[in-house]
Amino acid sequence: MKRILIVTGGGDCPGLNAVIRAVVKRASQEKDWEVLGSIQAFNGVLWEPTEIKVLTPEVVKGIHFQGGTIIETTNKGGPFAWPVKNPDGTWGAVDRSDEMIRKIQYMGIDAVINIGGDGSQRISQMLFEKGLPVIGVPKTIDNDLSSTDSTFGFQTAVEIATEAVDKLVTTAASHNRVFVVEVMGRYAGWIALNAAVAGGAEVCLIPEFPYDINLVKEKLEARFTRGRGFAVVVASEGARNKNGEMVYEKNDEVGYENLKLGGIGRQLIRELKEAGFQPDMRETVLGHLQRGGVPIAYDRVLSAQFGVKAFEMAMKGDFGKMVSYRHPYFVSVPLKDAILKPNFVTLDNALVKTATGLGISLGIDLNNP
Ligand code: F6P
């Protein structure tokens, strides 16, 4: 009997269950493969007693359109930084990776499929270097991994953000208001840029291009005549004023190391008021709505393709690699290359040219960026 252990790590993302189901369904076509899932990323292996779920075709039946992950996830701690309470009550971290690898070997696991974003794939690479037979599957709504054409979950997030823009246009127009829609994406502006183009926004602010508030104000003012008009601004959570910083909160959740971004919508409205912009303004923060619920068909298909490919890589022993979509093929790329460079929006990107061609302001002077 050969065993695969599936792990879902980092923030949840529409399509995770579809990948799990695809691995299990593909494995069930081969003799002697058993698929297991570790609960809450690698925590399930590290906990005493362990929490491991057997994933049979019966268990994964019909989960391809369910949001979230049936084996749970976490974006805190992990095998290399397991939170421990110090005697003085503060929290520290210990490296439990060797112990975890021993446990996985003892469980008779032949391959680990780690479904996660850049942070999780970094962990995959470190575990691979220590001898774990691991395969990565790229997951992130942010689309910030450069070694694959797309990551599942991203298009669903874009769809949700676009629906929000569509809805806010009608209320903005009715009230002669400006709406600022704050979307996720961390340090990458892909969700914002796609939703701005699809939804017909007037302004799109993204982390890669720190904005000039006067240019934003000018663009919005041009949309109003004698106080009548409306506009929608899509602002990525990591966007920032060229003279300022990203807006974030300090997070005291144990083991959480990310910046908790959020608040740019409100800040932008404050800056516009200070710059003398008169019309009424409101902000809508989409937050985790962009990650919940059913994956759209595109993401289900991509997830299914990733899952089948990941299992076939496991059968071949193609470890230390990540599944990657390079249209029209599904290939495997070394994890160490996959984590090298993030996928950020650049000025020469085709979608930037489309956006500016449509007259969407990015809050920057394109002749002097
Ligand atoms: O990376 C995915 C993501 O949803 C980002 O877009 C966002 O900044 C972050 O995760 C939110 O994380 P959390 O679930 O910890 O609030």
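FYI, it's all coordinate maths here, none of it is from the lab. Model, not experiment: these values are computed from the prediction. Neighbour counts run over all protein chains shown; Cβ positions are idealised from the backbone, glycine included.
Tell me the label-point distance for the pair H288, D337, using the 7 Å Cα-to-Cβ offset, in nm and rounded to one decimal.
3.7 nm
Return the FRET efficiency for the residue pair N176, D149: r is the Cβ-Cβ distance, R0 is 45 Å, and the value is rounded to the nearest 0.05. Mind dumping the intermediate values first?
Details: r = 41 Å, r/R0 = 0.91.
For N176 and D149, the calculated efficiency is 0.65.
Contour minus end-to-end for Q105 and N367, with contour as 0.36 nm per residue of separation and end-to-end as the Cα-Cα distance?
Values: separation 262, 0.36 × 262 = 94.32 nm, distance 5.77 nm.
The Q105-N367 span can extend by a further 88.5 nm.
At what distance in nm do the modelled label points of D252 and E221 sit from each other, each positioned 7 Å from its Cα along Cα→Cβ?
Calculated label separation equals 4.4 nm.
Expressed in nm to one decimal, what extension gain is obtained for the pair M315 and Y329 from 0.36 nm per residue of sequence separation less their Cα-Cα distance? Provide the component values of the computation, followed by the final result.
Values: separation 14, 0.36 × 14 = 5.04 nm, distance 1.86 nm.
Length gained, M315 through Y329: 3.2 nm.
How many angstrom lie between the Cα centre of segment 68-143 and the Cα centre of segment 232-261?
When both Cα centres are located, 25 Å separates them.
Any chance you could tell me what percent of the C-alpha pair distances in segment 1-108 go past 17 Å? Walk me through the intermediate numbers first.
On the way: 3293 of 5778 pairs.
Everything past 17 Å amounts to 57 percent.
Provide I135, I206 in ascending order of the number of other Cβ atoms located within 10 Å of each residue's Cβ, fewest first.
Numbers: I135 28, I206 31.
Ascending Cβ contact count within 10 Å gives the list I135, I206.
With each pseudo-label sitting 7 Å past Cα toward Cβ, what's the T50-A93 distance in nm, one decimal?
2.4 nm
Rounded to the nearest 500, what is the chain's calculated 222 nm mean residue ellipticity when only DSSP H runs of at least 4 contribute -39500 (n - 2.57) each, over all residues?
Values: 11 runs with 122 residues, N = 369.
Result for the chain, helices only: -10000 deg cm²/dmol.
Roughly how far apart, in whole Å, are the Cα centres of segment 318-356 and segment 147-201?
Taking the Cα centre of each part, segment 318-356 and segment 147-201 sit 21 Å apart.
How compact and how long is the chain, expressed as Rg and Dmax of its alpha-carbon atoms in Å?
When restricted to Cα atoms, the chain yields Rg and Dmax of 22.2, 75 Å.
Using the Cα centre of the chain as origin and beta-carbon charges of +1 (Lys, Arg) and -1 (Asp, Glu), tell me which of N43, A304, G320 is placed farthest towards the positive end of the dipole.
A304
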